[in-house]
Every structure is written in C-alpha cells, then in structure tokens.
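Trainee: Sharing a structure below in structure tokens format, with a few things to ask.
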Amino acid sequence: VGGRDLSAAVGGRSARTALAALDEDPATELIVVVSKPPAAEVGAQLREYAAALSTPVVLAFTGPGQPDLTAAAEQVLRAAGLPAPEWPYWPPDAPRPGRGGALRGLFAGGTLCDEAMAIASESLGPVWSNVPLRPERELPGPLGVPPSGGHAMVDFGDDALTVGRAHPMIDQELRLDRLAAAAADPEVAVIQLDVVLGHGAHPDPAAELAPLIAAAPQPVVVSLIGAPSDPQGLPQQAGTLRSAGAHVFASNAAATRFACSLVMS
C-alpha cells in the first residue's frame, strides 16, 4: 500500500478496504500488507483491525524496530508451509577494502530506501535523507549534501525528483550523476544502490550502472530485486553488476547490513 494511505491524514482507508475485500474472498488463505513506515496510531489501528479478521494477516511495516522485509517474506513462507530460501549473494572477484567514512545510499525504490535507513540507523546512527525517518534529518533540498561525515540515503522516486522525468526505475540519468559524484567524494566510504527489475523498468539497468561502479574507488553494494522470469534476466543483471566489482544481494536488508559492516570495518 502507498505510504500516504497509512499517514495520519488518510488513516489507512484503502488498506482497510483491501483487507476487508480479501477477508471475504474464500480463495484467499493469507494476506500480506507491505508498507512504508506508517503513522504510529494508524499502524496500531491497522494491527488491531487485521487481528479481528478471519484470514491470517502478515503486516510488513518498514521502519525502526520493525522486522525487515526479508524476515517478513520468510514469515510468509513459513505460514504457507514453505521453507525459506538461501537468499542469493553474488560477491565480486576482487573486493575493494572498506574504510571509515560515510554511507551513501542511492535508491530507486522508496520502500527499499526506508528499510535501508531503518537498518543503517541502528548500526551507524542518524541517516540524512530527502525522505527522512525523522524530520530533523531532512537534507537541504532533495539532492542536498549532508553535514561533513554524515550518512545519507536518497529516494530518487520521490515526487520532487520525478517532476518532468520518468521514475528512476526507468530513467536512471539523475541517479547516475549522483553515483559519479558519490564515487568522487573522499568522505564517502561505501555506496549502496538498489536495482529493481520487471516489466515497466529499464530494459538493462546493470549495463548503465556497471561503468560507474567499476570506476568507483569505494565498495559498492547492490540489492537486486527481481525474479528469474523478469525480462532483464536476473542472472545476467547479477553477473554484470558483479563483474563491475559490486557486492550483489537478493535481500535489501542483507545488503544494508553488509554495507554498514564495511563502513565500520
């Protein structure tokens, strides 16, 4: 569900409607709700509402103190009687050493950005963003620079950055520019990216990212979100990114924790 729906102003109206419709469907055996961090009171109300339904509900709310999306996916699999997989990781042949400094996250997926900020803030402390978890950590402008040494993550799909241009899952130009800038910044220790595959996404995102990843002196960590049936080819995208020197993870949570470990090494 969209982040606005679980805001205090909207109160989760669409989520409640969807839950009610699915609960009435005899073919639905399990309901999963994935959302950006909800307003505290709306999240509590939705949990209470979901608990009263006859159909089991897994609520995957990103945010501080919440299970990450990988853990939520594993919970769903267990509820369906299926085993959790070994989430793939494609390491580079020649890893670049970590160093002290800042983590810079450049995301096309807003929910992935929120999840990464929640995880990173637990390990590294406050994270600046154009979509911050706390208002006092908002960047000065959508692409502003955080204070010296500050960790930052940018959601390039935010409304302010998609005026007059396609979503960054389709048009990577703005993020490519910022990737080059982050690679040239001596204060940036690790760069984190997401690459989202599927219909309606860029036909070959890894090919555009690979030259800049290969040129970056810092470690680059990528969460590759997709499936083998995606038209871009999940194994091919992973191979291109890995060959460029990136650490490639199928789990955004695992990618973030690994990026944080490199910053702290």
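The values are calculated or read from the model by the stated rules, or taken from the named source; none is laboratory data. Every value quoted in this text rests on a predicted model; they were computed, and no experiment measured them. Glycine also receives a Cβ, built like all others from the backbone with ideal geometry; neighbour counts cover every protein chain displayed. These area figures cover heavy atoms from the full protein model, side chains too; ligands, DNA and RNA do not enter into them. Shrake-Rupley method; radii C 1.70, N 1.55, O 1.52, S 1.80 Å.
Trainee: List the pairs whose first member sits in the range 11-33 and is of a type in the set (D, E, K, R), whose second member is open to solvent by less than 30 Å² (accessible area, probe 1.4 Å), and whose Cβ atoms are under 6 Å apart, counting only residues at least 6 apart or on separate chains?
Mentor: Note: pairs meeting the criteria are Asp23/Thr55.
Trainee: Does the range 226-240 hold any residues that are among the hydroxyl-bearing types (Ser, Thr, Tyr) and part of a helix (DSSP H, G or I), and which are they?
Mentor: So in the range 226-240, the residues among the hydroxyl-bearing types (Ser, Thr, Tyr) come out as 229, 240.
Across the range 226-240, the qualifying residue is only Thr240.
Trainee: Is it the case that Ala250 is over 19 Å from the mean Cα position of the chain (by Cα), farther than 18 Å from Met117 by Cβ and of a type in the set (Gly, Ala, Ser)? Talk me through it step by step, then tell me what you get.
Mentor: Details: over 19 Å from the mean Cα position of the chain (by Cα): no; farther than 18 Å from Met117 by Cβ: yes; of a type in the set (Gly, Ala, Ser): yes.
For Ala250, the condition - over 19 Å from the mean Cα position of the chain (by Cα), farther than 18 Å from Met117 by Cβ and of a type in the set (Gly, Ala, Ser) - is not met.
Trainee: Now, a different point. Quick one: how many residues across the range 191-220 are within 16 Å of Phe258 (Cα to Cα) and among the acidic types (Asp, Glu)?
Mentor: Matching residues across the range 191-220 total 1.
Trainee: Would you mind finding the one in Ala201, Ala206, Ala166 that is of a type in the set (A, V, I, L, M, F, W, C), open to solvent by less than 40 Å² (accessible area, probe 1.4 Å) and part of a loop (DSSP other than H, G, I, E, B)?
Mentor: None of the others qualify; the one that does is Ala201.
Trainee: Something else: Give the range 60-107 a look and list any residue that's within 26 Å of Asn130 (Cβ to Cβ), free of Cβ contacts under 8 Å to residues at least 12 places away in the same chain and of a type in the set (A, V, I, L, M), or say none.
Mentor: none
Trainee: One residue is enough: does the range 241-248 have a residue meeting the conditions open to solvent by less than 50 Å² (accessible area, probe 1.4 Å), among the polar types (S, T, N, Q) and either more than 18 Å from Glu173 (Cβ to Cβ) or part of a helix (DSSP H, G or I) (or both)?
Mentor: Here is the first cut: in the range 241-248, the ones open to solvent by less than 50 Å² (accessible area, probe 1.4 Å) are 241, 244-248.
Those still in the list that are among the polar types (S, T, N, Q) too: none.
For the range 241-248, residues open to solvent by less than 50 Å² (accessible area, probe 1.4 Å), among the polar types (S, T, N, Q) and either more than 18 Å from Glu173 (Cβ to Cβ) or part of a helix (DSSP H, G or I) (or both): absent.
Trainee: Let me ask something else. Taking Ala201 as the residue in question, decide whether it is more than 17 Å from the chain's Cα centre (by Cα), over 23 Å from Ala118 (Cβ atoms) and aliphatic (A, V, I, L, M).
Mentor: Details: more than 17 Å from the chain's Cα centre (by Cα): no; over 23 Å from Ala118 (Cβ atoms): yes; aliphatic (A, V, I, L, M): yes.
Answer is no for this residue.
Trainee: Now, a different point. Any chance the range 239-256 includes a residue that's under 14 Å from Tyr89 (Cβ atoms), in contact with a strand residue (DSSP E or B) (Cβ under 8 Å, 6 or more places away or on another chain), among the charged types (D, E, K, R) and modelled with pLDDT of 95 or more?
Mentor: Keep residues of the range 239-256 that are under 14 Å from Tyr89 (Cβ atoms), which gives 239, 241-242, 246-256.
Add one more test, that the residue is in contact with a strand residue (DSSP E or B) (Cβ under 8 Å, 6 or more places away or on another chain), and what stays is 239, 241-242, 246-252, 254-256.
From what's left, among the charged types (D, E, K, R): 242.
Now restrict to residues that are modelled with pLDDT of 95 or more: 242.
Yes.
Trainee: Still on this structure: Take the residues in the range 169-187 that are more than 19 Å from the chain's Cα centre (by Cα) and more than 16 Å from Pro142 (Cβ to Cβ); name whichever of them is surrounded by the fewest Cβ atoms within 10 Å (Cβ to Cβ).
Mentor: Taking the candidates together, the pick is Pro186.
Trainee: Any residue at all in the range 214-225 that is open to solvent by 10 Å² or more (accessible area, probe 1.4 Å) and either assigned to a loop (DSSP other than H, G, I, E, B) or within 16 Å of Gly109 (Cβ to Cβ) (or both)?
Mentor: Residues of the range 214-225 that are open to solvent by 10 Å² or more (accessible area, probe 1.4 Å), as a first pass: 214-215, 217, 225.
From what's left, either assigned to a loop (DSSP other than H, G, I, E, B) or within 16 Å of Gly109 (Cβ to Cβ) (or both): 217, 225.
Taking every residue of the range 214-225 in turn, at least one turns out to be open to solvent by 10 Å² or more (accessible area, probe 1.4 Å) and either assigned to a loop (DSSP other than H, G, I, E, B) or within 16 Å of Gly109 (Cβ to Cβ) (or both).
Trainee: Only residues that are assigned to a loop (DSSP other than H, G, I, E, B) and among the aliphatic types (A, V, I, L, M): list them for the range 249-265, please. Lay out the reasoning, then the answer.
Mentor: So in the range 249-265, the residues assigned to a loop (DSSP other than H, G, I, E, B) come out as 250-251, 265.
The answer is Ala250, and nothing else.
Trainee: A follow-up question, please. Being assigned to a loop (DSSP other than H, G, I, E, B), closer than 23 Å to Thr62 by Cα and out of contact with any helix residue (DSSP H, G or I) (no Cβ under 6 Å at 6 or more places or on another chain), is that true of even one residue in the range 147-161?
Mentor: First, the residues of the range 147-161 that are assigned to a loop (DSSP other than H, G, I, E, B): 147-150, 156-158.
With the extra rule that they be closer than 23 Å to Thr62 by Cα, the set shrinks to 150, 156-158.
From the residues that got through so far, the ones that are out of contact with any helix residue (DSSP H, G or I) (no Cβ under 6 Å at 6 or more places or on another chain) too are 150, 158.
There is at least one residue in the range 147-161 that is assigned to a loop (DSSP other than H, G, I, E, B), closer than 23 Å to Thr62 by Cα and out of contact with any helix residue (DSSP H, G or I) (no Cβ under 6 Å at 6 or more places or on another chain).
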